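Colleague: Take this structure first; my questions come after.
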């Protein structure tokens, strides 16, 4: 019986991260890491803990009321790792925006409506890189051009409301990448965009990653997008990692009943019938988590006594393929097929 650990070469990772707010256990022992130049996908339903994992790890969840334990490790140039959870507010400000870039879910609420695109781009350049205003303004135009915004010299003078949704998201990516961060966190950056714009955003991130060698953490509920972008995928449910593997393994040998349910629920061309497959039931209430497996109430493979009372550990089914379920062994799945 083993558990995953944060790689000593990781650009960023969380180790046994737990978050409690009042009586709600939002996260419970989450561990994952992302290497330099790698893309890690984090998937799961709304409320599974995807956004809370990176928000709490980067100091964006107020403490108190949140009680955050574990470690959030950022790789250093000398090969050591620093724990963000032990940093002061000033130390975190020096890291966020400089070494950690963040693309939030909704640019309409993340961008300041009272500041021009130029000012929102130059703030970080002046603060972190100590650029002079004229130099930062020139760089702002280059950044907009880099993310594919047409006529960047004119658009840089616009306010957010003068841009389309796709352009605002590109501005968010430009801000996040402005200081050449080592890690880019993209929190459902394509959720509110149409399919064409989604594909363009994904292509921009992939191209910039290849050029800069940035580690990318891509949070999404869309398995199709993550599957085409990520190297490895972490599946979260009820504030826990329930499965983790490289993309090929997860798509071909998914083992946790919840992961199987997510794949079965995807819209698929050529599917017969009029109804989508769904996972019955609802995610667990973080204020009243079950004593055993967090997926117990919704699982069709559950072992009544053991799954109801005993919390399964995260075990390695194969090379770098980790699963948290008593029902995930090949023998068990064949017996219930």
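Colleague: Where a ≥ b ≥ c are the square roots of the eigenvalues of the C-alpha gyration tensor, would you call the stretch 25-70 rounded, which needs a/c under 1.5, or, failing that, prolate if a/b is larger than b/c, or oblate?
Modeller: Prolate is the answer for the stretch 25-70, as a/c is 1.5 or above and a/b outweighs b/c.
Colleague: Okay, moving on. Within 10 Å, count the other beta carbons around each residue, average over each peptide in 177-184, 57-64, 304-311, and list them highest first.
Modeller: Averaged packing, sorted descending, gives the order 177-184, 57-64, 304-311.
Colleague: What's the angle, to the nearest 10 degrees (0 to 90), between helix 117-128's Cα axis and the longest principal axis of the chain?
Modeller: Between helix and principal axis, roughly 80 degrees.
Colleague: Can you figure out the FRET efficiency of residue 252 with residue 94, using R₀ = 51 Å and their beta-carbon distance, to the nearest 0.05?
Modeller: 0.75
Colleague: Give the angle, between 0 and 90 degrees and rounded to the nearest 10, that separates the Cα long axis of helix 195-212 from the longest principal axis of the Cα atoms of the chain.
Modeller: 80 degrees
Colleague: Can you tell me, using C-alpha contacts under 8 Å and at least 6 residues apart, the relative contact order of the chain as a whole percent?
Modeller: For the chain, the relative contact order is 21 percent.
Colleague: Also, quick follow-up: For the pair residue 191 and residue 7, what calculated FRET efficiency results from E = 1/(1 + (r/R0)^6), where r is the Cβ-Cβ distance and R0 = 41 Å, to the nearest 0.05?
Modeller: 0.90
Colleague: On to the next question. In whole Å, largest first, what are the principal axis extents of the Cα atoms in the stretch 100-180?
Modeller: Over the stretch 100-180, Cα extents along the principal axes are 30, 27, 23 Å.
Colleague: Ranking request for peptides 72-85, 288-301, 27-40: highest mean number of other beta-carbon atoms within 10 Å first, then the rest in descending order.
Modeller: 27-40, 288-301, 72-85
Colleague: Moving on to the next point. Determine, from the Cβ-Cβ distance of residue 265 and residue 285 and an R0 of 22 Å, the FRET efficiency 1/(1 + (r/R0)^6), rounded to the nearest 0.05.
Modeller: 0.55
Colleague: Quick check: residue separation of residue 86 and residue 211 times 0.36 nm, minus the Cα distance between them. What number comes out in nm?
Modeller: That pair, residue 86 and residue 211, stretches by 41.8 nm at full extension.
Colleague: Label 7 Å along Cα→Cβ of residue 109; the stretch 149-171 residues with amide nitrogen under 20 Å?
Modeller: Once the point is set 7 Å along Cα→Cβ of residue 109, 160-171 turn out to lie under 20 Å by backbone N, inside the stretch 149-171.
Colleague: Angle check, please: helix 165-177 long axis (alpha carbons) against the longest principal axis of the chain (alpha carbons), in degrees 0 to 90, nearest 10.
Modeller: For 165-177 against the chain, the angle is about 80 degrees.
Colleague: Give me the percent of DSSP beta bridges within the stretch 1-154 that run antiparallel, rounded to the nearest 5.
Modeller: Bridges in the stretch 1-154 are about 95 percent antiparallel.
Colleague: Between residue 126 and residue 78, what is the spin-label point distance in nm, taking each point 7 Å from the Cα along the Cα→C-beta axis?
Modeller: Result for the modelled spin labels: 3.3 nm.
Colleague: Could you sort the peptides 42-50, 136-144 by per-residue average Cβ neighbour count (10 Å cutoff), highest mean leading?
Modeller: Going by the mean number of other Cβ atoms within 10 Å, highest first, we get 42-50, 136-144.
Colleague: Among bridges DSSP assigns within the stretch 171-274, what percent are antiparallel (round to 5)?
Modeller: Within the stretch 171-274, antiparallel bridges account for around 55 percent of the total.
Colleague: Across the chain, how large is the tail of the calculated P(r) beyond 26 Å, expressed as a percent of all Cα pairs?
Modeller: 50 percent
Taken together, the values in this text are just the output of simple stated rules run on the coordinates, not laboratory data. Bear in mind the structure is a predicted one, so any value in this text is a computation, not a measurement. Heads up, the Cβs are rebuilt from the backbone with ideal geometry, glycines too, and the neighbour counts pull from every protein chain shown.
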